[in-house]
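For reference, the structure is listed below as structure tokens.
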Amino acid sequence: MTVDRPRVDVFQFFATAENLGVVTPPELRFEILSELPIQMAEGTVIDYRIKLQGVPMRWRTLIDRWEPPVLFQDTQLKGPYRLWVHRHEFHDLGDATRVVDRVWYRLPPLGPLNAMVHPLVRRQLDQIFDFRARAVRQAFMAGAA
């Protein structure tokens, strides 16, 4: 997505853990369990609670790369996926910023069900990131970010 704000502002918005609730679809009932405010840095661990398909789950991530204002990366330590690595990249476009989300994931071992479940998970992830793009733009247009 492209956001019409300088990279430092956009990075700061994403680096503020409390904004995760703003950019997460309400049906996931996202809740940060870690004590707020969270000081983001390499080595920071954040605990959350979400609901996937109505099933409550705890999720723990580690910030394992922190390179402001260029990128940061969180890796799931505990959660619904066998593997989850989410890299947030911020590319300077002058007065605007291109935000690139790269996600590497593996589903838990479900045997032959993986082939049936993966398209559903992929569709849900696409919907989550589409919501995220709209929510980020709205936050910056509203001046809240």
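Helical content of the chain, expressed as a calculated mean residue ellipticity at 222 nm, amounts to -9000 deg cm²/dmol (DSSP H runs of 4 or more residues, -39,500 (n - 2.57) each, divided by residue number, nearest 500). Computed on the chain, with alpha-carbon pairs under 8 angstrom and 6+ residues apart, the relative contact order is 24 percent.
Applying a DSSP loop filter and a limit of 16 other Cβ atoms within 10 Å to the GluC sites (Glu not before Pro) in segment 15-101 leaves E35, E42. With all protein chains kept in place, the per residue accessible area of the chain amounts to 58 square angstrom at a probe of 1.4 angstrom.
Here's the picture: charge each Lys and Arg Cβ at +1 and each Asp and Glu Cβ at -1 in the chain, and of P109, L83, V45 the one pushed furthest to the positive end of that dipole is P109.
Over all directions, the average projected area of the alpha-carbon convex hull for segment 24-145 comes to how many nm²? Spell out each step's value before the answer.
Working: hull surface 33.6 nm².
For the Cα atoms of segment 24-145, the hull's average projected area reads 8.4 nm².
Within the accessible area of the chain, the carbon and sulfur atoms contribute 53%, probe 1.4 Å, all protein chains present.
Once the Cα-Cα distance is subtracted from the 0.36 nm per residue extended length, the V45 to D101 segment shows a gain of 18.2 nm. The distance between label points at L120 and R134 comes to 2.3 nm (points 7 Å beyond Cα on the Cα→Cβ vector).
The charge dipole of segment 1-89, taken about the Cα centre with unit charges on the Cβ atoms of Lys, Arg (+1) and Asp, Glu (-1), comes to about 400 debye, rounded to the nearest 20. Largest GNM mean-square fluctuation among R58, R122, R106, using the chain with Cα springs under 10 Å: R122. In this simple spin-label model, placing a label point 7 Å from the Cα along the Cα-to-Cβ direction at both A142 and R58 gives a separation of 3.1 nm.
Across M116, M40, M1, the residue with the most accessible area heads the list, and the full order at a 1.4 Å probe is M116, M1, M40. The phi-based Karplus calculation (6.51 cos²θ - 1.76 cosθ + 1.60; θ = phi - 60°) puts the 3J(HN,Hα) values of segment 81-94 at 9, 6, 9, 8, 10, 10, 9, 9, 10, 10, 10, 6, 10, x Hz, whole numbers, x for Gly and Pro. Judged by the ratio a/c of the largest to the smallest principal axis of the C-alpha gyration tensor, segment 1-57 counts as oblate, that ratio being 1.5 or greater while a/b is no larger than b/c.
Between the amide H of T44 and those of I63, distances stay under 5 Å, these residues lying 5 or more places away or on another chain, with hydrogens modeled in the peptide plane. Solvent-accessible area of D47, all protein chains in place: 30 Å² (probe radius 1.4 Å, heavy atoms, ligands and nucleic acids excluded).
With everything on Cα atoms, drop me the angle between helix 113-141 and the longest principal axis of the chain, reported from 0 to 90° to the nearest 10. Orientation of helix 113-141: about 20 degrees from the principal axis.
The values are calculated or read from the model by the stated rules, or taken from the named source; none is laboratory data. The structure presented is a predicted model; accordingly, all values stated were derived computationally and were not measured. So basically every Cβ, Gly included, is an ideal-geometry build from the backbone, and we count neighbours across all protein chains shown. Just so you know, the surface numbers come from the protein's heavy atoms only, side chains and all, with ligands and any DNA or RNA stripped out. Shrake-Rupley method; radii C 1.70, N 1.55, O 1.52, S 1.80 Å.
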